[in-house]
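*Asks:* Structure incoming, see below.
No lab work stands behind these numbers, since they all come straight from the coordinates. Because the structure is a prediction, the values reported are computed rather than measured. Note that we place each Cβ from the backbone using ideal geometry, even for glycine, and neighbour counts take in every protein chain shown.
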Amino acid sequence: MEISGVDFIRGMAFLGAGLAMGLGAIGPGIGEGFAAGKACEAIGRRPEEAGLLTRTMLVGQAVSESTGIYSLVIALLLLFVVK
């Protein structure tokens with residue numbers, strides 16, 4: 001059984017797609033969890049500011065999630081474009 005060049009490239013593209021999503025999802029997950037935890041602490045200290053804190057937290061989480069979406073795009077490109 002011999003592996004051709006095309007099969008090798010396709011296998012590496014699949015491996016790269018898995019790594020892109022695996023490593024690309026760690027950062028946003030940690031960042032969003034940290035932001036949510038700090039927002040909960042702040043709301044506990046100043047409940048009257050809950051609306052402002054929640055809005056700010058959600059905007060920050062949306063920005064953080066963009067890196068996860070970029071890694072998804074790269075993974076999909078590797079899966080469906082690399083032949």
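*Asks:* Between I43, I9, which is closer than 17 Å to F80 by Cβ and among the aliphatic types (A, V, I, L, M)? Working first, answer last.
*Replies:* Details: I43 fails: closer than 17 Å to F80 by Cβ.
None of the others qualify; the one that does is I9.
*Asks:* Moving to a separate point now. Tell me which residues, restricted to the range 3-53, are surrounded by 15 or more Cβ atoms within 10 Å (Cβ to Cβ) and not small (G, A, S).
*Replies:* R10, M21, P28, E32, I43, L53
*Asks:* Okay, next question. Testing D7 on (1) more than 27 Å from I69 (Cα to Cα); (2) touching a Gly at 6+ places or on another chain (Cβ under 6 Å), one condition comes back false. Which one is that?
*Replies:* (2)
*Asks:* So which residues in the range 27-36 are over 30 Å from M12 (Cβ atoms) and either of a type in the set (A, V, I, L, M, F, W, C) or not in a helix (DSSP H, G or I) (or both)?
*Replies:* So the first thing to find is which residues in the range 27-36 are over 30 Å from M12 (Cβ atoms), and the list is 32-36.
Correct list: F34, A35, A36.
*Asks:* Can you name every residue in the range 37-83 that is touching a residue at least 40 places away in the same chain (Cβ under 8 Å) and in a helix (DSSP H, G or I)? Steps first, answer last, please.
*Replies:* Filtering the range 37-83 for residues touching a residue at least 40 places away in the same chain (Cβ under 8 Å) gives 67-68, 70-72, 74-76, 78-79, 82-83.
Within the range 37-83, T67, G68, Y70, S71, L72, I74, A75, L76, L78, L79 meet the criteria.
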